[in-house]
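First the structure, in the form of structure tokens, and then the observations on it.
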Amino acid sequence: MSGPGGSFLARALRHRSFMLGGALTVGMLGMAAISLFWTPGEAISLNVAHRMRPPSLEYWLGTDKFGRDIFSMLMAGAQNSITVGVVAVSIGLVAGVILGAWASAKRGWIEEAVMRFSDFSFAFPAILSAIMLTAIIGPGGVTSILAIGIYNIPVFARLTRGVANAVWAREFVLAARAAGKGAVRITIEHVLPNILSIIIVQATISFAIAILAEAALSYLGLGTQPPQPSWGRMLSEAQALIFLAPMQAIYPGVTIALSVFGLNLLGDGLRDLLDPRLARKR
Amino acid sequence: MNAPATVPVLAVEELQRHYTLPREHLFREPGKVYALNGVSFEIQPGRSFGVVGESGCGKSTLARTVMALETPTAGTVRILGHDLFDLDKDALRALRRHFQMVFQDPYGSLDPRHKVGRVVAEPLTVSDEVGARDRVEKVADVLRSVGLKAADMDKYPHEFSGGQRQRIAIARALVTRPELIVADEPVSALDVSVQAQVLNLMRDLQDSFGVTYMLISHDLAVVEYVCDEVAVMYLGRIVERGRTEALFARPSHPYTRALLDAVPRPGVGRAKRGAALKGTVMSQTALGTGCAFADRCPMAKPRCLEEAPPLRDLGDHHLSACHYAEDVPAG
Amino acid sequence: MSLLRVENLEVTLQTSVGPARAVRDVSFQLERGQSLGIVGESGCGKSMTALALMGLLPEGATTAGRVMLGEDDLLTMPENELCGVRGNRLAMIFQEPMTSLNPLHTIGAQVMEPLLLHRGLHKSEARDEAYRLLDQVGIPNAKSRLDNYPHQLSGGQRQRVMIALALSCDPDILIADEPTTALDVTIQSQILDLIEQLVSRLGMSLILISHDLGVISESVDRVMVMYGGTVVESGPTQSLFHALAHPYTRGLFASMPRLGGKRERLTTIPGTVPDLADLPTGCTFAGRCPLVTEACRAAPPPRLPVADGHEAACIHLDLATAARPSELFS
């Protein structure tokens, strides 16, 4: 309930997993933000003289086989993950919500068509569409953003259509129709505000999935290209040295896990906090 | 826009509404629901017209069709002389300020995310004739006339009780000063002690604004209290119509008789209930020959199964769709 | 000795805004074969009283007082013993028969289940008994209906199935919580007739809960009017409706539109029903009562006799009964 704001904050502070998820997410965002103008070491350019250094005051988590500072790479990689996540989720959210709301407002064959389109695109996992996209426009950050974004469209379209249908069935929508409002105005003024919380929750969860997908694509070499640091590519590069320097794989692995974990907790927490009925049951 | 007294506020003619059910079988025709099967009536300005009947009689479909929320299969709805389904979109939208609706559920009919001021102003925002300041004034006025405070417009609906929410819903319907308000079970979700407040309010508003009501209800006592005229519906048809007092005092259709007998009356004392009507409402998915009520009718004769009784005039504005209307017991 | 004796029943619910006293100081007795009606508006505590008798209160609810069924106090009885009492000696039917029946099982299977479980019948015996029960509650073609699913029955027929289920173990007391509220008026009178017939034929006792004064006054021997979690007036049906005494009951009765009434302006009780989490210390009706005085707010009013067996909890009974309700609330 967006009504009394004070009680939302009070409930949020009491919600432990929401606070933990929020802290992890803020940590990730903070790392990315700081890396924009400062990193403790060199994240991009190679320095073979300092390769494979153990953790020290200068190199907090050591250096990799090219002499780059691992902690700095993680920070800069967060930037990359967040960019991919935000842009890809935005693509999916905007296109998906529009499609879903349109299907719900028009019903009939339009709804049918949108839903069959969703079913069809669900048959293609993000990895598969990324491979196909790579074949067309070549590998790179844009490819992974597009692939993950397209994958997200039917996710949001389905969700939006489902919850929007429930809102369309409410009497206050009937009242708006009786007042003479058209489908577009009803969608904007009544339907979207009432489904917003559910969309927000889905967005945080999709964000987590996007980070995982980006890491997977980069791991396969289809995503972010060197020299731009990426968590997924750090994993793939560390793989060759897995017995020699296992920590180099564990650092990005743990970072990915914590980010995804944090976002999922945040999403679950938001679901509770934005739905007063669920919150009361706890 | 003030209609001359000769033009009825609402004129419904031979209204039919049939729905096609989702196809269940590949090779069979999909089923149909016959919700309205030829309904006609008129309401004169300043009068209250009640529609009573049990679930499945088509009364809610009738209300929604009159509100142009559903398109009829056949027939016409005229409001102040304008045929609703012959108007283009913009003309219909402009006409909507003259007929508004009050819904049953005081919790579901107000958007929980909008403040009361916005809820009540909704019908005004459709036509751009009213400026923002005028709008606030109108909302304040109408809130006061339904017994709320102007300051209530800054609150959310969940801050109000059921009865107050129904006042808000009435305020929304009243804000354009419509000629016709269609009220679909406006008090059936309310507690008895709150019902009376809302019913009295509806009567007061009629006295002060001269609004015309079409009141849909399953509760005969509510209809009797508010309405001058009443139509009794059964399976998509009006089976009896007339002045409320006359119709309830001397029903001319066995279904009306049975409805009146079935209503429990407080204070009568134990076990004085009339004999219960047998069976349940026949399915709406078939149109039989003969009278639709024949299978439950205590007076049914062979003729009733063969020949559908037309709604015939018994004189003194009283109509009944029964071959044996004159024989219905006075009770 | 009475079949059921409720003494000073209290029910407190845990809500998001703190404890709510849903039922307070409710006492009554029910004799074998007698029917009792509990009438009141939403939140008056009538359903909570019933659920307390059944031991089906929502989680976190606490109770005080005694509910004596014969020699046993149901409030202190352990859950496993209570299970035996429910169904066997107490049975309950609810407002919405659709949600009370499992949509995935046939009517027959659901009616047979308690017969197999509690009465230890064999499958074929149970089927015969289920047929007999459905026939008894007036379901046409009961035999073929055994294989139907709940959605294939009308609302009235589903309520009949619920009654058959409630009767399956010959309970001593049938508790019916708004059994006809979801039904049409012609179906309502069929179901009320059925309940009444069964109660007298089988010698059961009945507790009928309703918001409808009409339903109550036509169906029971004794009436209890509840408001704000407590009983404001009680007595034999005839005498109670003949001489309503409590200001709330008088106001409620006068605020109902009545068939054949004069279309006179309805009397209204100002305000709304009280919030159970925030009840006044004194009389629960004090906030809406035209006769309220300081004494009303200070302490809960005692139950005073009106006539033989007819009591009302109001200290201004003489004033309340002297004026017509329309004058009282003007």
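The values are calculated or read from the model by the stated rules, or taken from the named source; none is laboratory data. For clarity, every value in this text was computed on a predicted model and none was experimentally measured. Note that we place each Cβ from the backbone using ideal geometry, even for glycine, and neighbour counts take in every protein chain shown.
Summed over region C:243-280, the residues that are in a loop (DSSP other than H, G, I, E, B), closer than 26 Å to B:Phe160 by Cβ and under 25 Å from the mean Cα position of the chain (by Cα) give a count of 12.
The sole residue among A:Val254, A:Val260 that is at pLDDT 85 or above, within 20 Å of A:Ala88 (Cα to Cα) and assigned to a helix (DSSP H, G or I) is A:Val260. Among the residues of region B:119-141, those that are aliphatic (A, V, I, L, M) and within 14 Å of chain A (Cβ to nearest Cβ) comprise B:Val119, B:Val120, B:Ala121, B:Leu124, B:Val126, B:Val130, B:Val139. Quick check on my filter: what residues within region C:215-258 are under 22 Å from C:Pro270 (Cα atoms) and within 11 Å of chain B (Cβ to nearest Cβ)? C:Tyr227, C:Leu244, C:Tyr248, C:Thr249, C:Gly251, C:Leu252, C:Phe253, C:Ala254, C:Ser255, C:Met256, C:Pro257, C:Arg258, listed by residue number. Are any of the residues in region C:233-240 more than 26 Å from B:Pro251 (Cβ to Cβ) and part of a loop (DSSP other than H, G, I, E, B)? No, there is no match, as no residue in region C:233-240 is more than 26 Å from B:Pro251 (Cβ to Cβ) and part of a loop (DSSP other than H, G, I, E, B).
Taken over region A:35-68, the criterion of being surrounded by 15 or more Cβ atoms within 10 Å (Cβ to Cβ) and either in a helix (DSSP H, G or I) or among the hydroxyl-bearing types (Ser, Thr, Tyr) (or both) is satisfied by A:Ser35, A:Thr39, A:His50, A:Tyr59, A:Thr63. Filtering C:Gln190, C:Gln197, C:Gln152, C:Gln157 for residues that are over 17 Å from the mean Cα position of the chain (by Cα) and under 18 Å from C:Leu36 (Cα atoms) leaves a single hit, C:Gln197.
Residues of region A:155-172 being within 8 Å of chain B (Cβ to nearest Cβ) and in a helix (DSSP H, G or I), which ones? A:Glu171, A:Phe172 - these are the residues of region A:155-172 that are within 8 Å of chain B (Cβ to nearest Cβ) and in a helix (DSSP H, G or I).
The listed residues are B:Thr76, B:Thr71, and the only one of them that is away from chain C (no Cβ under 14 Å), hydroxyl-bearing (Ser, Thr, Tyr) and in contact (Cβ under 8 Å) with a residue 60 or more places away in the chain turns out to be B:Thr76. Might you check whether a residue that is at pLDDT 90 or above, among the acidic types (Asp, Glu) and part of a strand (DSSP E or B) occurs anywhere in region C:289-299? Within region C:289-299 (the criterion being at pLDDT 90 or above, among the acidic types (Asp, Glu) and part of a strand (DSSP E or B)), the answer is no, since none of the residues qualifies. Against the numbered list (1) surrounded by fewer than 18 Cβ atoms within 10 Å (Cβ to Cβ); (2) away from chain A (no Cβ under 11 Å); (3) within 23 Å of B:Thr6 (Cβ to Cβ), B:Leu84 comes up short only at (1). Among what's in region C:143-159 and is crowded, with 20+ Cβ neighbours inside 10 Å and of a type in the set (S, T, N, Q), pick the residue that is nearest to the other protein chains (Cβ to nearest Cβ). Among those that are crowded, with 20+ Cβ neighbours inside 10 Å and of a type in the set (S, T, N, Q), it is C:Gln157. Candidates are the residues of region C:174-187 that are more than 7 Å from chain B (Cβ to nearest Cβ) and over 13 Å from the mean Cα position of the chain (by Cα); the one that is farthest from B:Leu259 (Cα to Cα) is C:Ala182.
If you filter region A:173-191 down to residues that are surrounded by 22 or more Cβ atoms within 10 Å (Cβ to Cβ) and assigned to a loop (DSSP other than H, G, I, E, B), you find that the one that is farthest from the other protein chains (Cβ to nearest Cβ) is A:Lys181.
Within region B:101-118, residues that are free of Cβ contacts under 8 Å to residues at least 40 places away in the same chain and within 8 Å of chain A (Cβ to nearest Cβ) reach no partner that is surrounded by 24 or more Cβ atoms within 10 Å (Cβ to Cβ) and of a type in the set (Val, Ile, Thr) with beta carbons closer than 6 Å at six or more positions or on different chains.
For region C:268-300, the set of residues classified as among the charged types (D, E, K, R) and away from every other protein chain (no Cβ under 14 Å) consists of C:Glu294, C:Arg297, listed by residue number.
With respect to B:Glu185, determine if the residue is surrounded by fewer than 21 Cβ atoms within 10 Å (Cβ to Cβ), within 30 Å of C:Gly271 (Cα to Cα) and over 20 Å from the mean Cα position of the chain (by Cα). The answer is no for B:Glu185. In region C:201-213, the residue that is farthest from C:Ala91 (Cα to Cα) out of those that are touching a residue at least 40 places away in the same chain (Cβ under 8 Å) and not in a loop (DSSP other than H, G, I, E, B) is C:Leu213. When region C:92-125 is limited to residues that are in a loop (DSSP other than H, G, I, E, B) and charged (D, E, K, R), the one that is nearest to C:Ala52 (Cα to Cα) turns out to be C:Glu96.
Condition check: of a type in the set (Ser, Thr, Tyr) and either in a strand (DSSP E or B) or exposed (fewer than 14 other Cβ atoms within 10 Å of the Cβ) (or both). Does C:Thr49 satisfy that? It is false that C:Thr49 is of a type in the set (Ser, Thr, Tyr) and either in a strand (DSSP E or B) or exposed (fewer than 14 other Cβ atoms within 10 Å of the Cβ) (or both). Would you say A:Val86 is under 18 Å from A:Ala210 (Cα atoms), without any contact (Cβ under 8 Å) to a residue 12 or more places away in the chain and either of a type outside the set (Ser, Thr, Tyr) or in a helix (DSSP H, G or I) (or both)? No.
When A:Val94 is tested against the conditions (1) touching a residue at least 40 places away in the same chain (Cβ under 8 Å); (2) within 19 Å of A:Ile209 (Cα to Cα); (3) loosely packed, with under 15 Cβ neighbours inside 10 Å, the lone failure is (1).
Residues of region A:211-225 include at least one that is of a type in the set (A, V, I, L, M, F, W, C), farther than 18 Å from A:Asn152 by Cβ and in contact (Cβ under 8 Å) with a residue 12 or more places away in the chain. Out of C:Leu75, C:Leu53, C:Leu121, C:Leu146, which single residue is farther than 29 Å from C:Ala277 by Cα and out of contact with any Gly (no Cβ under 6 Å at 6 or more places or on another chain)? When all the criteria are applied, what remains is C:Leu121. The single condition among (1) more than 27 Å from C:Cys296 (Cβ to Cβ); (2) in a strand (DSSP E or B); (3) of a type outside the set (Asp, Glu); (4) within 11 Å of chain B (Cβ to nearest Cβ) that C:Leu192 does not meet is (2). Within region C:179-190, restricting attention to residues that are surrounded by 20 or more Cβ atoms within 10 Å (Cβ to Cβ) and in contact with a strand residue (DSSP E or B) (Cβ under 9 Å, 6 or more places away or on another chain), the residue that is farthest from B:Val232 (Cα to Cα) is C:Pro179.
Conditions (1) surrounded by fewer than 20 Cβ atoms within 10 Å (Cβ to Cβ); (2) closer than 18 Å to A:Arg68 by Cβ; (3) among the β-branched types (Val, Ile, Thr); (4) in contact with a strand residue (DSSP E or B) (Cβ under 9 Å, 6 or more places away or on another chain), marked per residue:
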{"position": "A:Thr224", "(1), (2), (3), (4)": "no, yes, yes, no"}
{"position": "A:Ser230", "(1), (2), (3), (4)": "no, yes, no, no"}
{"position": "A:Met234", "(1), (2), (3), (4)": "no, yes, no, no"}
{"position": "A:Ala240", "(1), (2), (3), (4)": "yes, yes, no, no"}
{"position": "A:Ala245", "(1), (2), (3), (4)": "yes, yes, no, no"}
{"position": "A:Phe261", "(1), (2), (3), (4)": "yes, no, no, no"}
{"position": "A:Leu265", "(1), (2), (3), (4)": "no, no, no, no"}
{"position": "A:Leu270", "(1), (2), (3), (4)": "no, no, no, no"}
